[in-house]
Amino acid sequence: MAGGVVAGGVVAGGSGPAHRRVLAERSGSSRLRAAALVAFCVALLLAPYAGRQARARGSALAIFAGSRAAVTAELTVISDPRVLAAKGVSGTARVVVDTDAQAVFAAGRRYVASGSVLVLGPASAWRDVLPGQRVAIDGVLQPPLDAASQAVALFTQGEPTMIGAPPWWQRGAGRVRDALRQAAAGLPSAERGLLPGLVDGDTSGLDPVLVERFRVAGLTHLVAVSGTNCSILIGALLLVLRRLRLRPWLCAALGGVLLIAFVVVARPSPSVLRAAAMASIALVSLAVGRPRQALPSLAAAVLVLLGWDSSLAANAGFAMSVLATAALLLFAPPLAEALHRHRVPLGVAEALAVATAAHLVTAPVVAAISGRISLVAVPANALAEPAVALATVLGFLAAVVAPIWATGGSMAAQLAGWPCRWLVGVADRFGGLAGAAVPWPGGTGGGLALLGATGGLLLLARQGGLGRMLAGGAVVGLLVQIPLRSAVPGWPPPGWLMIACDVGQGDALLLAAGAHSAVEIDTGPDPVVIDRCLRDAGISDVALLALTHFHLDHVGGIVGVLHGRRVGRVVTGPLLDPQGGVHLVDDALRAHRLARATLRLGASLEVGDVHLDVLAPTEPFHGTRSDPNNSSLVLRATLRGTRLLLPGDAEIEAQQALLDSGTDLSADVLKVPHHGSAYSDPKFLAAVHAQVAVISVGLHNDYGHPSPMLLDEMSRLGVPVRRTDLDGDVAVVGTGAALATVVRGAAVTRAAAAPPTGVARPVSARLAVGLRDLVGEPAHRPVGTSARMTGCQLVRSASTPCRTPSRRSCCWLVTRNCSSVAPSARSPPLYVGKPVRSTSPNVPASRSRARSLPNCSGRPCSVRPGWS
């Protein structure tokens, strides 16, 4: 007894050599155990990874993919189709589908094959295919599109042949998902797409502008299946079961059943299984009331998931899921206690603590991926959190009830629509704020830099200096920003007549029709970018939307125009081609209970301050180089005494028809046809007698727009030119002889051309480029253009310099459609420059001429004809 006390005293308080020796031995032993544990974990993960890599390299899939062989593959679908931003033939939507291979037919033989295959095909062919379904599909195999991926790519244009039926639980899950979509059909468009995303991760109906608002506001996790969904559902069930005083083991069993049902309905994809594992850990830790004890469980779950699917190691979603779960376990509880000690109400303190902890630990990963930091994520998440729980529970109730009782399901969906409206409002309010997200260096370096900055702020906070620093920063910001904003002119400039929106490779023009009202001509290719232009211009009412023709670079952004705005009439040209663009427009209008009307030659419209005359076409063109382009609506707008000629993409045939008809083409402002391509008649350009010309074009587009020949012709005519690829948004102001232009930074197209260093292009971009490499140049495509604009004979010119095509925008040469796939082309501009005013018509001309030539690489090649 006494010896034990003495030994305890020596260990506890001794300071002699024996005590130091014991501590040293324990420390050394702890280091050895830690090193052994790390080595074991690494081996546990690398061994199966190495085995899979070896099997993948020697498999039949890899051999056929290396030779880009045409095969018939037997596959098992393991995920729902995901729609790509880039479009396919005639503007049709395309999807990517995750599958597992069973066999490959090539050269008349059947080869047993196993491995992951990423299928790229038309959306319509895969619309009704469920996970678990076995299919046979013809296509061309290619090597993995991502260096970190083990999945070969299969490009296909055909429809899959069904082999058997998917498992019964997948058929049941499909019926539940369909029933939820039908139950939500009576909600407004934004809420109709959001509710399935909240409940089961079905984002197929989400408004792309709303997705962007959620991203900017730091709310993206709400529209992706995450641990939050599982926690809310199981937490609600446990709350009810505890009220019924059921035994703990029964509560746990019923909670497990609900979790399995959720995983089946939301699809057992890697992301859903990961979310279920993270949610289970969080629930266990909260149930036992000892959050720190959950860290070993979290680590074990991460090891199991990485061993099961090693590709998760390079998955940003997986990293953020793990980090957010750890933050909720470690940082949120003490932060909530600290806020509560400072007299913050307990509910508010917990909401702020959860939002702050999750945002701080995931912000470096988000910055590394996107090159931006959300400044509003904490308040946005704190306001959204209560509504998320209510919407998820009511939405899951609707999903369960709807397959059995459609009316009851619709009633539950209507109830769930109210918290969804709150979430949409929060996202629109915070995600639409100017400066809600600020640029930050991307890549690994940017993520580490933000991690260091966050750590420094936390150290300052611990020392009590954070409050003083923030107060000083606020004072400096007020002293700098208030005088600066009063000195810098706003946007749009006073007295503007027309704004050519910088939408990349496409057309979108705004005509001032009144206070916060505009006539819009075309929408550009991207909903997010046109929404940005309209929002910056203060347009809440589009009195008339005119679509000159149905190519995607003119109609692809229509959803962005309709988002949160009143749209009056919608008018189009007479040719319903290509069908992909027609369907896209009709689907978007139908969702907002709108319809389109066709304008004919000679029609006149009075819309607010704008008078429109339809100058062409007389009839749709057929048999020309591009019938949709030549059949474009040609409009003349008269606004406060100023005439503007807006010819869409009209090419030589349409321009010559206008000249032959004797139509008065004179105008003060010319929107140069077809993005400044070489398919313009010099006589047409001269007949306008414009004071200023505007070219709507994307930087480094694959078509070589604007043509150096056209720029030379405009220079010869003495017409100053503004270009959206170099100048950004272009506003025409003034009247008569006092016309001027005001420009505001080419943020969108410049960002698309130069993504942050270290940021890989998204899978959709790599798939788009891969498909273009597969289909190559169409056999019927003209091989070049002559050095003369007149006639545009299809003769190769070896001496004409042209810009090297950029792979960051995917213009589908086989389809005559253009769709940007660069990461930042689908985002609001990272920087909005100071407006630059030109009061002299000669200034923009000299600037355009000076800046157009350096865009050419000097590499001799034929000028690429515009196939948009």
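The values are calculated or read from the model by the stated rules, or taken from the named source; none is laboratory data. Please read all numbers here as calculations on a predicted model, not as lab measurements. As a convention, Cβ positions derive from the backbone with ideal geometry for all residues, glycine included, and neighbour counts pool all protein chains shown. These area figures cover heavy atoms from the full protein model, side chains too; ligands, DNA and RNA do not enter into them. Shrake-Rupley method; radii C 1.70, N 1.55, O 1.52, S 1.80 Å.
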- Message: List the residues, sorted by chain then number, that are 5 or more residues from Arg723 or on another chain and whose placed amide H is less than 5 Å from its amide H.
- Response: Ile695
- Residues meeting the amide H criterion for Ser59 (H placed from the backbone, H to H distance under 5 Å, 5 or more places apart or on another chain) are none
- Out of residues 5 or more away from Val607 or on other chains, whose amide H comes under 5 Å of its own, with H placed 1.01 Å from N in the peptide plane? Leu612
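Highest first, please rank the peptides 319-325, 140-146 by the mean number of other Cβ atoms sitting within 10 Å of their residues. Intermediate values should be presented prior to the final figure.
On the way: 319-325: 22.1, 140-146: 19.3.
Answer by packing, highest mean first, reads 319-325, 140-146.
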- What list of ³J(HN,Hα) couplings, whole Hz, do you get for the range 547-554 from phi and the Karplus terms 6.51, -1.76, 1.60, once you set θ to phi - 60° and write x for glycine and proline? 9, 5, 7, 9, 5, 5, 6, 10
- Decide, for the range 578-644, between rounded, prolate and oblate: order the square roots of the alpha carbon gyration tensor eigenvalues as a ≥ b ≥ c, take rounded if a/c falls under 1.5, and otherwise choose prolate if a/b is larger than b/c, else oblate. oblate
- Please sort by residue number the trypsin sites (Lys or Arg not before Pro) in the range 611-703 whose DSSP state is loop and whose Cβ has at most 16 other Cβ atoms within 10 Å. Arg640
- Query: Under the classification rounded if a/c is under 1.5, otherwise prolate if a/b is larger than b/c and oblate if not, where does the range 518-613 fall, given a ≥ b ≥ c as square roots of the Cα gyration tensor eigenvalues?
  - Reply: oblate
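Percent of accessible area on the range 529-613 owned by carbon and sulfur, 1.4 Å probe?
In the range 529-613, the share of accessible area belonging to carbon and sulfur is 50 percent.
Name the shape class, rounded, prolate or oblate, that the alpha-carbon gyration tensor gives for the range 135-174, where a ≥ b ≥ c are the square roots of its eigenvalues, rounded holds for a/c under 1.5, and otherwise prolate holds if a/b is larger than b/c and oblate otherwise. Numbers along the way, then the final one.
Values: a/c = 3.64, a/b = 1.65, b/c = 2.21.
Oblate.
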- Task: Give me the accessible area per residue for the range 98-180, probe 1.4 Å, as a whole number in Å².
- Result: 46 Å²
- Whole-Hz Karplus ³J(HN,Hα) for the range 718-725, in order, using 6.51 cos²θ - 1.76 cosθ + 1.60 and θ = phi - 60°, x for Gly and Pro? x, 9, x, 10, 10, 10, 5, 5
- Of all chymotrypsin sites (Phe, Trp or Tyr not before Pro) in the range 176-272, which ones are in loop regions per DSSP and have a Cβ with at most 12 other Cβ atoms within 10 Å? none
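Counting only heavy atoms of protein chains, what accessible area per residue, in Å², does the range 366-456 have with a probe of 1.4 Å?
On the way: 4030 Å² over 91 residues.
On a per-residue basis, 44 Å².
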- With x for Gly and Pro, the residue-by-residue ³J(HN,Hα) of the range 62-72, computed from phi through the Karplus equation 6.51 cos²θ - 1.76 cosθ + 1.60 at θ = phi - 60° and given in whole Hz, is 5, 5, 5, 5, x, 9, 6, 7, 7, 9, 10
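Just to confirm, what accessible area per residue do you get for the range 610-680 at 1.4 Å probe, in whole Å²?
Values: 1910 Å² over 71 residues.
Per-residue accessible area for the range 610-680 comes out at 27 Å².
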